[in-house]
Every structure is written in C-alpha cells, then in structure tokens.
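Written below as structure tokens is the structure these notes are about.
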4 protein chains.
Amino acid sequence: MDYQKILENVLIKMTGFQELGNPASYIPELRKVDPFKFGVHLITKKNKNFGLGDSEEKFSIQSISKVLSLVMAYQLQDEDLWKRVGVEPSGTPFNSLIQLEYDQGIPRNPFINAGALVICDILVEHLKNPKDEFLNFVRKLSGNSELEYCARISESEKSVGYRNAALINLMKDLGNIHNDIDTVLDFYFNLCSIEMTCRELARTFLFLASYGLNPITKEKILSSSKAKRVNAIMQLCGFYDEAGEFSFKVGLPGKSGVGGGIVAILPNQYSIVVWSPGLNKKGNSSKGMKFLELFTSETESSIF
Amino acid sequence: MDYQKILENVLIKMTGFQELGNPASYIPELRKVDPFKFGVHLITKKNKNFGLGDSEEKFSIQSISKVLSLVMAYQLQDEDLWKRVGVEPSGTPFNSLIQLEYDQGIPRNPFINAGALVICDILVEHLKNPKDEFLNFVRKLSGNSELEYCARISESEKSVGYRNAALINLMKDLGNIHNDIDTVLDFYFNLCSIEMTCRELARTFLFLASYGLNPITKEKILSSSKAKRVNAIMQLCGFYDEAGEFSFKVGLPGKSGVGGGIVAILPNQYSIVVWSPGLNKKGNSSKGMKFLELFTSETESSIF
Amino acid sequence: MDYQKILENVLIKMTGFQELGNPASYIPELRKVDPFKFGVHLITKKNKNFGLGDSEEKFSIQSISKVLSLVMAYQLQDEDLWKRVGVEPSGTPFNSLIQLEYDQGIPRNPFINAGALVICDILVEHLKNPKDEFLNFVRKLSGNSELEYCARISESEKSVGYRNAALINLMKDLGNIHNDIDTVLDFYFNLCSIEMTCRELARTFLFLASYGLNPITKEKILSSSKAKRVNAIMQLCGFYDEAGEFSFKVGLPGKSGVGGGIVAILPNQYSIVVWSPGLNKKGNSSKGMKFLELFTSETESSIF
Amino acid sequence: MDYQKILENVLIKMTGFQELGNPASYIPELRKVDPFKFGVHLITKKNKNFGLGDSEEKFSIQSISKVLSLVMAYQLQDEDLWKRVGVEPSGTPFNSLIQLEYDQGIPRNPFINAGALVICDILVEHLKNPKDEFLNFVRKLSGNSELEYCARISESEKSVGYRNAALINLMKDLGNIHNDIDTVLDFYFNLCSIEMTCRELARTFLFLASYGLNPITKEKILSSSKAKRVNAIMQLCGFYDEAGEFSFKVGLPGKSGVGGGIVAILPNQYSIVVWSPGLNKKGNSSKGMKFLELFTSETESSIF
C-alpha cells in the first residue's frame, strides 16, 4: 500500500476537525507544549517508513512506557506476573482508588497507574540497576542509543505525584508492593519521562506487529503467544476509560499517553504512532484518535 | 485447514482438564441440563461445516441473544443508538446496579443486562411485533425456520427476575426506558429463551465473520463498518468480568451465555460455537473457554 | 417556660432568613403546595399546646410516617427486627441502591426508603389488615379519629415510584422481602400519604418525649427502653444525609419528610412540629431546619 | 447516686459476658497488652470520683485523641473549620478511601482517619510548636503535667502507616492538605500515642459534660454551643461504623479508640471512661461497649 499517500489523504480529511483539546496541564513541563504540533509515523514489518508533520520531534511518551515495562517484566516472570496484576479493563477513571481497594490491592490491569506501579515493583525486585537496564532495553528497541530519561519531566511529576503516592501506599498496606516505596516511585516517574519521536516510538513497538520478533534486529523480544497477549491487553485496557471507543472506532490494539502520543499495531503489518498534544476529556489525544479512526477506515485495517 | 482433525486433536488435549464447573442454577430449567454435554461446531465463510460431540443438540442461548438484538437495533438506529448505551467494558459483575446509578441510567455496554434491556426497549419502540420480528430475524440467520422461544425457560426466568426488574425500574426512574416495563421485560426474557444447536448458532453468527454479509444467503445484515464495531464490542464486553481473560487467552471476539454456550469469530474466516453447561466462577463455560484457548493456539488464529 | 412567647421571638428572628427552598417537585400533588406556608406546634408532656401560623392546616407527612411504621413493627417484633434492617446512618443519599447491594439487601436503617420497605414487609406479614390497622394506630395517637390516607398523593407517588420498585425488587432478589412486591409497595405509598396538621403530628409523637407512654391517654406505646432506641435512631438517621448537620445545629432527635414537615423531640419535655414546604438540597425543610436551630438555641434545649 | 455501688453491680452482671474480643494487632506495641485488663472511672461535674479495676493503669488512648485535637482546632477556627471537614457519619469502614474520593477530599467527619489528618493539618498551620502545645493542652485538662507521647507507639504506627499515608496523599492531591505531608503525619501519630489512665482520661473529657467549662479549674475550654456540637459529632461519628449501635444501646455521646478505651459523656452529669483491650469486629472495645450498655440501663442515663 502507498502509506505515504494515504497518510496525506487522511490529513486532508482532518481539515474540518476542530476539536483541538488541551495539553495535559497538571505539570508545567507538559503544559508548555505547542498544542498545534502534529506528527505521525508508520513503520512496516519490512522496515518501510512513512512520516508526516512533526514526526521527528521528541515528545514525552508518558504512559506509553507502561507497555514497555510490562514487556520487560513479562520476559522476567512469565505467567506468574498475573498473580499480582489482572488483565481486565478497569471500568473507572484510570487513577481511581476505589477499584483498587475493592480488589484488595490487585490492580485490574498493568496500564492503570496502580498496575504500572506493581510492574515497576517487580522490575525493581528482579533487576540490579532497573533504571539503566530499562533505558538500555528501550534504546535497543528504538534504534537510538542516546535516549535519556528527562529529569525535568520526572521531577515535575514527582512534585505533584500525590495521587500515585496514595496508590502505592494503599497497595503497600494491602501487601502488593514489596520494595521501598520511594525507590519504586522514582523508577516509575523516570519511565514515564522518556522522550521520543514518532519515528523512534513506532520502531520501538514494531516487534508487537511482528509476533514478538524485532524484524530489524531479528531479536526475539517476546514469544509469539506473549506478544499477542500484550496486544490483547492493549486492546482492552490501552485507553483509560475509552478503550471501547478506540476499539469501536479504530479497531486496533494500542496505547496512549498524556503527552498526546498514541501507538497502534496492525498485527503482521505495521506499527503506527501519532502525536498531537491536545487531549479529550478522557485524557487521550483528540486529533490522534480522529486521525487513526480515519486512517483505519481508509485502509480497512481493523483487526475485526 | 483440516478443521475436523484439529477439533479432534484439541478434544484429545482436553482429556486432562478437570474443571467441569456447574450449570447455572438460578432457574430450575437450566439446572436440569446434563453437565457432561459437550458440542462444538465451526462454519467457514465458504460454508464448510465441522462438528463434534453434541453439536446438533439444542441448548438455551441465553445472553448470546444480546448480540442479535443489538444487531437488529443497530440496523434500525445507526449511531444514535450510542446515546442510550455505551461501548465500554463494565469492570463490575454483569448485573451490578452500582455502575448504572453512577452513570445516570446509561448502561456501560449493550451486553450487560441493563444495556440489553435498553436495546429491548429500542426494539419495542421501533417494531410493530417485536417478538415475531425478532424471531423471524433469527430464523433467517440460522437457516432454521422452526426456531421458537422456549416458554418454560422464559417463564422460569421471569419468576425469579427481580434483579432485572430492579435494573429496568432504576433506568425508568432515570429516564432511559421509554416503554412499559412489563412489555420490555417480557420481550427480554423471551429473547434469552431461544434454544439452538451449535451448528445453528455458528451459522447465525457467520455474517460477523464476513464483514456483515451472510455468505450463504448473500444478504447484507450490517455494513462492514458496523459489523466490525459489533465484533469490537464483543471483544471488550462479551464475557462479563472476564473479557480480558478471554482476549488474553483466546484472542477472538465472542460472546458467552449462562446456558454454557460460547460463540467466537475469526474475521474473514469462520464462526465457531462451543457448548458445555458447566460454568466457571465468572459465569462463562469452563470447558468452552479452555477448548477455545487450545483451539486458537493450535490454529494460531488470534486476531492479535 | 413561656413557649408561645419564644415561638414568636424565634419567628421574628427568622425575618432575615431568605432561603425559601423549593417544594418537592417529583409528584404534581406536592408541587402544588403554597411554598410560603409556615406552621409550628409544640406540645408538652403535660399536654400544654402552643402554635403559630398554619399549624392547623393539613400537609403530607411523607417520610415522617416511617417512624410510626417502625414503632408498630417494634411492638410486634422486639429486637428480632434488627436482623432485617440496621441501625447505622447510611452515609449516602437516602435512596441509593449502592449501599443496599453492598450490604446484601439489609438496609442500613429503617428510615431510608429501602429500610422503610422492609418494615412495611414485616407489617404485611404480621397484620391481618395492615392498612386499616396502621391507620387506626395513627388515629389513636393523633387524637383525630378521622385521619385518612390521601389517595391522590399515594396514586401520584405510585405512578412515578420506579426507584422504590427498583429497591424492593433488589431486596426481593437478595431475600429480604417476603411478601408480594405490589402489596408491600401499595402499603408503603399509603403510609406516606397521610395528611396531618402540625398540632396533630406533634401530639402523635408525644409518647417519644415521654419514654413510650402517651401522657394524654396513659397508653403505653413502647417500653421506655424501646422509646429511647427509636429516638436514638431518629438522631442518627432522621435527616437523610443531613443527620449530622441537624444534630450539630438543633441537637434533638427528629424526623423530616419531603412534604416539608419536621418533628423533633426533647425527651421528658416536649414534641415540636414545624412545617414549611420549601426544601434545601438535601431534601429537608429549609425554614424548618433554621427555625428549630434558633428555637433550641433560644431555649437551650439540646440533648447534648 | 451511689455510682461506686452501681459500677460494682454492673461488673457483677458482666460475669457471664464471654466476648473478650482481641486486642488490636496491626502494631506489635498494641498486641502485647494483656487482654484481661479492665478498668472504669467515672467523674462527676462536682469532681466526685469512682473507679474500679485497672482504672489507674495507663493505656494508649489512640483515636480518642481525635476529639482533643478537634477541640483545639475548634478553639482556633470557629465554624470555618467545617469548610474542610464534614459533620456527617461516614457509613463505611473508618479508613475507607472510597468516600473520600467521592467527596473530593473533604472527609465526612473529624473522627475518621482522613478527617483527623485534616484537623492535624489545621493545627500545624496555626500553632508554632504543635506537638508541645497539644501536649500542654492535654496535660492541663488531665491534671497530670507529666503526660508524654509514647515514642514506641508512634514509631510502631508510623512503620506500618501506609493506609494513612495513602489518605493524606489523596487529600493533598485533592487540595485539602496545606502542609508538608511528613510533618502532619508525624504530628498525627504522636497524638494517637498518648497514654493515660481511665481516671486521667475521664477528667480530661469532663468539660464536655459541663457545657465547655472545666469544672475543676473553672477554665472555659469551649463555649456552651461548641461543646454541645462536639458532643453531637461524637454521638453520630464516635464509633466507626457502629455509632448507631452505640447510640441505640448506650445512648450517650462518646468516642472509642483501638487501644480499648471508650469515653462517654452524660451532659451536665458526668464523664465515664472504660478500658478493656479486646475489640469487637468493628474495632470497638467489646467489654467496654457491654459495660456501658448495662451501666446506662441501670442508671437510666441515656440522653434520649
């Protein structure tokens, strides 16, 4: 398919779409971003690359990193992982304490904040230098060996991270956090602070469009079965309280972040990343959702 | 693929699987079923049929009918439908009143009881003889013009249907039920009472494996886009509080019923129905889930 | 004390109090009431009577009747009563289904709608002609043998009573309603429909200011211990989600109704009823609450 | 009244009461207490003292201190206090996060942990040396100038205080904590660690039985109106999820602590403290509740 042409056509169709949304405002670092930024990058299994707009500009990947930490933990723990975190959609806003208390400290899935904190706790438990090892893991996947955590962002998040502190303390109380709270939180805030371009991020996720094999480096990241399971979790839990909406309209497994990025996967075909900082009420990129909806309609590439 | 052979191989692998579960017991009619019954039927887009076990024996399809009523309402209402019912997973047990009250009478999706009641209310609003027209619709899809509602089952359910009466009264109070409560409940209990064989049910759902077109009669049931959306909703909401588990392990859109039936769809390929009356704790067929897990592993037919 | 003088003084102090509130509007019959009506009547243990304003005009006592049905059930059942309904404040709006589902069908207390429905179910179980016997009970207490249920009001409530139907169906499902739902609902809507004057209502409740003995007829309605317990329940649960506010500001056990009536008790001294149809956001008479606050400050008659 | 005689009689009646309960076990320091300890002390407005059993032995007053911190904050803030904490019973277990999230960070009342933390935050805001000033306040009230915080207890609580850390972080996120979290928590854990005898504690609370005036020192602690309001809050919120039960059976305003102490007030008459470390399922002293129930029956001293 001539993806370049299609990306352009979809962009033209976007012209009338006025819902800019607002960049995340809870930390100053995210608020500063130019809301008119827009980038998209698609990479195929065969390493064909197609980009548009600000696709080579770095943005904060935020919650998208939760997929990467899950993948790393899944490498280390196999199916035992699921004793400490579920695979069900949460049905409540992404940071709610209610469900967590009801479920006795077992988060519904690894993409709500509570679940991502448990995954961090597992990594802290199994790795010698979690921050270094995670960074190396992402560097290799992305093909950019100079990726860094962004201290401005992580410090900024930490300074207002009371809700996450509430979550982790509650889980510690309920027995589902095994390490020192501050260590886990520090790791968590660093993960979310990584900055990448659309191009880098699309490449990073390509192995999930390729049954767990990085088609560029030929490295096996996850078994085929595990890669499918990660995609399944993205499908059901990747968009806070809008996973149904995304499945319904876009029809691909994916994950969003409050930095305005969305990654989506068409199994056996491609990985696509779109970035636009304005968020809708549910916290997902407003233009990004729309672009992917039009794009998958145009290419008829829903998994359904 | 030689599906007959594969079905048999999977059955052999099931030998050691001891979790029989228990048939639904809340109404006498369901409790009576022999828990050792087991049937499976697969039908391909090209109308190739493969069956095993009790695949030609009728069972109560129960909640699986909620997909069919949704399809009929979607034919009548287009996207306006979604003003009265959502497309998000519920995150709480399937009959909970809590979420409904929190969301002001708008059910999370059309497959929880509350949502199915709203769909019934819409059909009662738009159809002259809802019960007749629905039955005709299912007869045509199934290829069996003699299907009937089962009065024993529907009366039995009605006699203990206090929870559904609570749901519909609450929604009436909140303004999301427009017709007479007893009429809607009567329709609802009838829908769920239809009895079909695995073979009939697999054929009934075949159009969802074929982008909305019934490949046998060539009738267009839904547009391609709508058919994909129904599949997406099944993926996210088709298994009560176990949708994640089913996506994770089976990887296909599907729907279960407390009669022990499960239907699953591999888009562009086949529709498969498995029936085994014993239910797990979440209310889904215990053996049915396992069979489909092994079957999709064997055939590598996950959508992910 | 010269209560007549004090009532007048307090009324003068009320001059500047502008929060009229709005009469209950969910049924036409209540909406029609003149919002400027205001009456108050105090009766002492020694049968001294003091009234002001529209104190001899009838109004719909609504939920205040829940105390009377509780008293009747308490006469019949002793402490076994509390197996089916609690004595704890509800902490959520008065008609919420959430707490009820959480507590498996046992209402928190007899004054939330769910609890009052259980009390009605108990009376239906124990009495031959519940409606007649209840009416006779209230007639005797009030000293007015011509009191009647108001069919206009009860029919009007029944026609929009979906929320109560939801509650009773849920409890039936959970096993805490033993009789036919329609019979219990009919009884319930009748209880709430009684109309009384401030004077009649104050006299009706006088036995609770007199340790269970009707000081006028010398009839023992409840043992001293039970009468105190009813007062305790009123103190903790008598004002929907504003019991704390009422205790805090007024300091007497009492009960309100959406008809705008409030009854309050100073043990061993008096029973007072104030009526003003305008309700605050929590559903309690706005002027009534304020009047009682000023009255108990003036007379220093808090139980605390 | 010959209170000494009555205390003894009630103790005799207790003989058959077998429900010892279990001392609080979440921190080692509380678990160590001898469960057979039992003490009671009553002090009248006229400074007559009556004691029995281990009434001169120190125990950890725990949550009872929340009344004292409330009183101190009420001295400083008047009715503005209630903008940051409510006066309604909570209707859920004492440490639940659910209600707090639902109510946007405003705790239901000052006696649930969240509310007590807000009160501590207010004291930290207004006082130069909150810990010293609070201690002096309690020393003066108790008549024992050598009272101390117990470092063993407060350190022990802090080491497992994840739930309280979750609460305060959530409220910080929601804007209802103004000071440094660690400072407020440290103050909070110290308050709860004070150890007193039944005799000292009864004297400490005597001003609440005397309309705000300490009848021994003649010092005005609170205005009469404020003292009544504190009693009203104790009545509605003083016993976790058992306030209704306590009102119902004992009929006095009071407050319990997980150390096994209970203080209760008969306005204008006396303050009584009973101590027995075994707790019932709701976290209140099992024997203490029973003793007070029998005592108020015997003396007919319910406020109702």
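Coordinate-derived values only; no laboratory data. For clarity, every value in this text was computed on a predicted model and none was experimentally measured. Here the Cβ is made from the backbone with ideal geometry for all residues, glycine too, and neighbour counts use every protein chain on show.
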Cβ-based exposure ranking for A:Ser256, D:Ser55, in which fewest neighbours within 10 Å come first:
D:Ser55, A:Ser256
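Give me the inter-chain shielding for D:238-245: mean count of other chain Cβ atoms within 10 Å, whole number please. Provide the component values of the computation, followed by the final result.
Details: counts 0, 1, 0, 5, 2, 6, 12, 6.
What the average comes to for D:238-245 is 4.
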Let me know the mean shielding of A:84-91 by other chains, meaning the per-residue number of their Cβ atoms within 10 Å of its Cβ.
6
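Rank-order A:145-158, B:242-255, A:282-295, C:153-166 by packing density, defined as the average count of other C-beta atoms within 10 Å over each peptide's residues, highest first. Walk me through the numbers on the way to the answer.
Values: A:145-158: 16.4, B:242-255: 26.8, A:282-295: 23.4, C:153-166: 19.6.
Result, highest mean first: B:242-255, A:282-295, C:153-166, A:145-158.
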Residue order, fewest to most surrounding Cβ atoms within 10 angstrom, among A:Trp275, A:Trp82:
A:Trp82, A:Trp275
In degrees from 0 to 90, rounded to the nearest 10, what is the angle of the helix D:113-126 Cα long axis to the longest principal axis of chain D?
70 degrees
Taking a crude spin-label model, label points 7 Å out from Cα along the C-beta direction, the D:Phe36 to B:Leu76 distance in nm is 7.5 nm
From the label point of C:Gln18, set 7 Å along Cα to the beta carbon, how far off in nm is each other copy's matching point, shortest first?
3.8, 6.6, 7.6
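Rounded to the nearest 0.05, what FRET efficiency is calculated for C:Ile216 and B:Tyr26 with R0 set to 56 Å and r the Cβ-Cβ distance? Present the calculation step by step, with values, prior to reporting the outcome.
Numbers: r = 53 Å, r/R0 = 0.95.
Taking R0 as 56 Å, the efficiency between C:Ile216 and B:Tyr26 is 0.55.
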Viscosity 1.306 mPa s, temperature 10 °C: what is the translational diffusion coefficient of the range A:71-113 from Stokes-Einstein with a Kirkwood Rh over Cα pairs, rounded to a whole number of µm²/s?
146 µm²/s
Just from the alpha-carbon atoms, what are the Rg and Dmax of the range A:3-299 in angstroms?
17.7, 54
Pairing the Cα long axis of helix A:3-13 with the longest principal axis of chain A, what angle in degrees results, from 0 to 90 and rounded to the nearest 10?
90 degrees
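Could you give the C-alpha radius of gyration of the range C:1-160 expressed as a fraction of 2.2 N^0.38 Å, taking N as the number of residues it contains? The partial results should precede the final answer.
Details: Rg = 18.6 Å, N = 160, 2.2 N^0.38 = 15.1 Å.
Ratio of Cα Rg to 2.2 N^0.38 Å: 1.23.
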Taking N as the number of residues in the range A:27-90, what is its alpha-carbon radius of gyration divided by 2.2 N^0.38 Å?
1.58
What is the mean projected area of the alpha carbon convex hull for the range B:203-285, to one decimal in square nanometres?
5.1 nm²
Pseudo-label separations to other copies for D:Lys48 - Cα-to-Cβ vector, 7 Å, nm:
3.0, 9.9, 9.9
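Report the calculated FRET efficiency for B:Glu57 and D:Asn144 (r = Cβ-Cβ distance, R0 = 60 Å), to the nearest 0.05. Please list the in-between numbers first.
Numbers: r = 82 Å, r/R0 = 1.37.
Efficiency, from the Cβ-Cβ distance: 0.15.
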When the convex hull of its Cα atoms is projected in every direction, mean area for the protein assembly as shown (nm²)
48.7 nm²
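In the range B:1-65, what chymotrypsin sites (Phe, Trp or Tyr not before Pro) fall in a loop by DSSP, with at most 14 other Cβ atoms inside 10 Å? Let's see the in-between values first.
Values: sites: B:Tyr3, B:Phe17, B:Tyr26, B:Phe36, B:Phe38, B:Phe50, B:Phe59; in loops: B:Phe17, B:Tyr26, B:Phe36, B:Phe38.
Filter output for the range B:1-65: B:Phe17, B:Tyr26, B:Phe36.
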Once you charge only the Cβ atoms, +1 for Lys and Arg and -1 for Asp and Glu, what is the size of the charge dipole of chain B about its Cα centre, to the nearest 20 debye?
660 debye
Rotation relating C and A, chain A residue nearest the axis via C-beta, angstrom:
A:Tyr102, 5
Within the range D:22-94, trypsin sites (Lys or Arg not before Pro) in DSSP loop having at most 13 other beta-carbon neighbours inside 10 Å:
D:Lys32, D:Lys46, D:Lys48
Answer with one residue from C:His178, C:Leu52, C:Ile106: the one whose Cα lies farthest towards the positive end of the charge dipole of chain C, charges on Cβ with Lys, Arg +1 and Asp, Glu -1.
C:Leu52
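Counting partner chain Cβ atoms within 10 Å of every residue's Cβ in A:248-255, what's the average? Display every interim value, and only then the final one.
Numbers: counts 12, 5, 1, 8, 1, 3, 0, 0.
That works out to 4 on average.
So how do D:202-215, A:190-203 stack up, highest first, on mean other-Cβ count within 10 Å? Write down the numbers at each step before the final one.
On the way: D:202-215: 23.6, A:190-203: 25.4.
Per-residue Cβ counts within 10 Å, averaged per peptide and sorted highest first, yield A:190-203, D:202-215.
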Along principal axes, largest first, the alpha-carbon spread of the range D:188-243 in whole Å comes out as 32, 25, 20
Sorting from shortest, the nanometre distances separating the label point of D:Glu148 (7 Å past Cα along the line to Cβ) from those of the same residue in the other copies are 5.2, 7.8, 8.8
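Treating only the Cβ atoms of Lys and Arg (+1) and Asp and Glu (-1) as charged, compute the dipole magnitude of the range D:51-121 about its Cα centre; round to the nearest 20 debye.
Details: 5 positive and 10 negative charges, 24 e Å.
Using only the charged Cβ atoms, the result is roughly 120 debye.
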In debye, nearest 20, what is the charge dipole magnitude of the protein assembly as shown about its Cα centre with +1 on Lys and Arg Cβ and -1 on Asp and Glu Cβ, if you could check?
20 debye
Against the longest principal axis of chain C, how steep is helix C:286-299, in degrees 0 to 90 to the nearest 10, with axes from Cα atoms?
50 degrees
Give the share of C-alpha pairs in each 5 angstrom bin for the range D:97-149, from 0 to the last occupied bin, in whole percents, shortest bins first.
4, 19, 19, 17, 17, 11, 8, 4, 1
